[in-house]
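Notes to accompany the following structure.
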Number of protein chains: 2
Amino acid sequence: MRDETDFGLDPRLAGDTHAIGDLELSRLLLMDDARFPWLILVPRRVGLRDLIDLDGRDQQRLLAEIDRCARALRVLETPDKLNIAMLGNVVAQLHVHVIARHASDAAWPRPVWGFGEREPYARDALATRLAGLRHALEICGA
Amino acid sequence: MRDETDFGLDPRLAGDTHAIGDLELSRLLLMDDARFPWLILVPRRVGLRDLIDLDGRDQQRLLAEIDRCARALRVLETPDKLNIAMLGNVVAQLHVHVIARHASDAAWPRPVWGFGEREPYARDALATRLAGLRHALEICGA
């Protein structure tokens, strides 16, 4: 059963991100922070809070989408580490962070959440980033 | 193929935790920090760093084990939120945190990593915690 009718993206998530597109289960967002290559997946289901609120089939779908996003970031960014996390202490709506980390990045080795101030993308950098991500996701979609 | 022969738990993970037992894929650990109900899953495979280093079948196994641990913590702790994360910026060996968070806990709403000082369990509290977890994991294993 797909109940996307009442799916509404949390306003805080919407305000901090740019939409990349919709995968089978999740809306895929780019965190508007040029310091880190940072994707967010939001399953388009109503009233979810935790991973275990998804049924088994949707959990499998989400895993496949996390895997795809992580492979795309590895292709694009050759990161030292991929951070994958479902926290949601501030924004309760179930969402998954997939972040390419480098030992040279601003927050390393600390987690990115709450680290310093977000640095929104400049217009050209955003267009380049979105195009690169869409291409890598296409390649990694098979 | 199971190549557990050379599986070695990172010494830092070993030093900060108590072993609960082995699931099909992962060694299950309890973080020795009485402030938070905090499990860590470590897939018993050699040389893993990121989720996408696991093949598809092991990713599915890991998802099932995360789900089981999260359900056990929900039964035991009725948390406000479950935090599930693969970070590994400090300890590179692939491991998954599954943490029951409460709005009343010391770090809320911040992430737990790097927050204050770890508070090791007293001996009786540890025995109680381990027994409760093993029982809840049994119930949630079906």
| message | Anything in segment B:24-36 that is in contact with a Gly (Cβ under 9 Å, 6 or more places away or on another chain) and open to solvent by less than 10 Å² (accessible area, probe 1.4 Å)? List them, or say none. | response | B:L28
| task | Being assigned to a loop (DSSP other than H, G, I, E, B) and open to solvent by 20 Å² or more (accessible area, probe 1.4 Å) is the filter here, so list the residues in segment B:46-79 that pass it. | result | B:V46, B:G47, B:L48, B:R49, B:D55, B:T78
| message | Quick check on segment B:113-135. Is at least one of its residues touching a residue at least 24 places away in the same chain (Cβ under 8 Å), open to solvent by less than 60 Å² (accessible area, probe 1.4 Å), in contact with a Phe, Trp or Tyr (Cβ under 7 Å, 6 or more places away or on another chain) and in a loop (DSSP other than H, G, I, E, B)? | response | no
| task | Consider only pairs whose beta carbons are under 8 Å apart and that are at least six residues apart or on different chains; among these, list those whose first residue lies in segment A:94-112 and is open to solvent by 30 Å² or more (accessible area, probe 1.4 Å) and whose second residue is among the β-branched types (V, I, T). | result | A:P109/B:V90
| field | Index of the failed condition, B:L82 passing every other in (1) open to solvent by 60 Å² or more (accessible area, probe 1.4 Å); (2) closer than 23 Å to A:V90 by Cα | value | (1)
| field | Residue list for segment A:102-121, filter: closer than 27 Å to B:A106 by Cα and either touching a strand residue (DSSP E or B) at 6+ places or on another chain (Cβ under 7 Å) or at the interface with chain B (Cβ under 10 Å from one of its Cβ atoms) (or both) | value | A:A107, A:W108, A:P109, A:R110, A:P111, A:V112, A:W113, A:G114
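The values are calculated or read from the model by the stated rules, or taken from the named source; none is laboratory data. As the structure is a prediction and not an experimental result, all values here were calculated from the model. With ideal geometry, Cβ positions are generated from the backbone for all residues, glycine too; neighbour counts draw on all protein chains shown. We work out accessible area using only protein heavy atoms, side chains counted, and drop any ligands, DNA or RNA first. Shrake-Rupley method; radii C 1.70, N 1.55, O 1.52, S 1.80 Å.
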